[in-house]
1. Test residue 157 against the criterion of being out of contact with any Gly (no Cβ under 6 Å at 6 or more places or on another chain), of a type in the set (Asp, Glu) and at pLDDT below 95, and give yes or no.
2. So residue 162 ticks every box in (1) surrounded by 14 or more Cβ atoms within 10 Å (Cβ to Cβ); (2) under 26 Å from residue 47 (Cα atoms); (3) in contact (Cβ under 8 Å) with a residue 24 or more places away in the chain; (4) touching a Leu at 6+ places or on another chain (Cβ under 8 Å) but one. Which box is left unticked?
3. Scan region 93-139 for residues that are over 22 Å from residue 9 (Cα atoms), of a type in the set (D, E, K, R) and touching a Ser or Thr at 6+ places or on another chain (Cβ under 6 Å) and jot them down.
4. Sort out which residues of region 279-331 are over 25 Å from residue 90 (Cα atoms), in contact (Cβ under 8 Å) with a residue 24 or more places away in the chain and of a type in the set (D, E, K, R), and write them in order of number.
5. Scan (1) touching a residue at least 12 places away in the same chain (Cβ under 8 Å); (2) within 18 Å of residue 229 (Cβ to Cβ) for the single condition residue 121 breaks and write down its number.
6. State all residues of region 137-148 that are out of contact with any helix residue (DSSP H, G or I) (no Cβ under 9 Å at 6 or more places or on another chain) and either closer than 30 Å to residue 249 by Cα or of a type outside the set (Asp, Glu) (or both); if no residue qualifies, say none.
7. Determine which member of the set 252, 278 is aliphatic (A, V, I, L, M), crowded, with 20+ Cβ neighbours inside 10 Å and either over 20 Å from the mean Cα position of the chain (by Cα) or more than 30 Å from residue 126 (Cα to Cα) (or both).
8. Might you check whether a residue that is touching a residue at least 12 places away in the same chain (Cβ under 8 Å), in contact with a strand residue (DSSP E or B) (Cβ under 6 Å, 6 or more places away or on another chain) and small (Gly, Ala, Ser) occurs anywhere in region 137-157?
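The values are calculated or read from the model by the stated rules, or taken from the named source; none is laboratory data. These figures come from a predicted structure and were not determined experimentally. Counting neighbours? That spans all protein chains shown, and the Cβs are built from the backbone with ideal geometry, glycine included.
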Amino acid sequence: MQLNDLLKQTTEWLKGTGPDSDIVISSRIRLARNLDKVPFPHWANKKQGERTMEIVLKAAGENEYLKKSIYLKLSELDNIDKQFLVERHLMSHEHALKSENKAVVISEEEIASIMVNEEDHLRIQVMKSGLDLSEANNIINNIDTSLSKGLPFAFSDELGYLTACPTNVGTGMRGSVMLHLPALVMTKQINKVLAAITKLSFATRGLYGEGTQAAGNFFQISNQVSLGQNEEEIIENIKAIIRQIVEQENMARSALMQNNRQILEDRIYRAFGILKSAYIINSAETIEMLSMLRLGQDLGIIKNIDRRLINELFILTQPAHLQKIEAKKLSAQERDVKRAALIRSRLG
């Protein structure tokens, strides 16, 4: 399997399946791990970083859960390829910034990936569609346990797993859930909800993680600290807050349907009309229009369009994906034209 083969499949987090998948796009579990007695990536010299990368890639290659994975050294990828992986949520924007002694391992179905020499020596992540943190945790535990047999992880009996950032010390776990919350945004309740989340020590980010805005009414909710909690406690705490948010979004959707149905339908059909007829459309407008189309599909207003198709358009219309599809670099204007053509063809 090669990098370009990913274009032919739907990445796991966009399948539109799993519990509460009308609101919960995906669930992710990430583990930070470091090799014992080896400097953290930011402190390691070139030789140490290269040695770490080779050790981790060798261990991953021997891992029974990663047998059919793609193994990529970032120094061998161009900027479009790296952005392509960021857009698919297979690695972070920070990981893509510098390529020296960095790599990424991607499982066959894009459920699991490992960033090598990001902030930590290993950033292992597993993503599942819908609200499925428990299954994601089961998968990542199997991968982690298997890797630990060949890799000596830095661990303290007092503190737990040692990590580059103190907030990750302990389990090294970060759980996150991506939600689509258009009704809370439209009813102007979202700021109140996000403020309450922050008070409970949860972080809120945009579609592409840390440092990104909540474009398209997408919000990522994650725990901020892992020290002092075990994995089960972290997961249950996240699930509890997500269930409350899902309930509030459902209530907001019901209120819109009952009290403002004509205005809601107008916005949804206008978005659908633009997407079906536009010949030039930029990324920002696309994601906003697709957000309304997805809401229309979830509420049964828009029929005969599969949720999975709408989800796929969120990612296929991103800049690097358009350029991978065309197999060449495109200017911003060329991307806007190709994006519109792609959407028209997919929506019929």
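1. Details: out of contact with any Gly (no Cβ under 6 Å at 6 or more places or on another chain): yes; of a type in the set (Asp, Glu): yes; at pLDDT below 95: yes.
For residue 157, the condition - out of contact with any Gly (no Cβ under 6 Å at 6 or more places or on another chain), of a type in the set (Asp, Glu) and at pLDDT below 95 - is met.
2. That leaves (4) as the condition not met.
3. 120
4. Selection gives 298 alone.
5. For residue 121, the failing item is (2).
6. First, the residues of region 137-148 that are out of contact with any helix residue (DSSP H, G or I) (no Cβ under 9 Å at 6 or more places or on another chain): 138, 140, 144-145, 148.
Residues satisfying the conditions are 138, 140, 145, 148.
7. Details: 278 fails: crowded, with 20+ Cβ neighbours inside 10 Å.
Being aliphatic (A, V, I, L, M), crowded, with 20+ Cβ neighbours inside 10 Å and either over 20 Å from the mean Cα position of the chain (by Cα) or more than 30 Å from residue 126 (Cα to Cα) (or both) holds for just one of 252, 278, which is 252.
8. no
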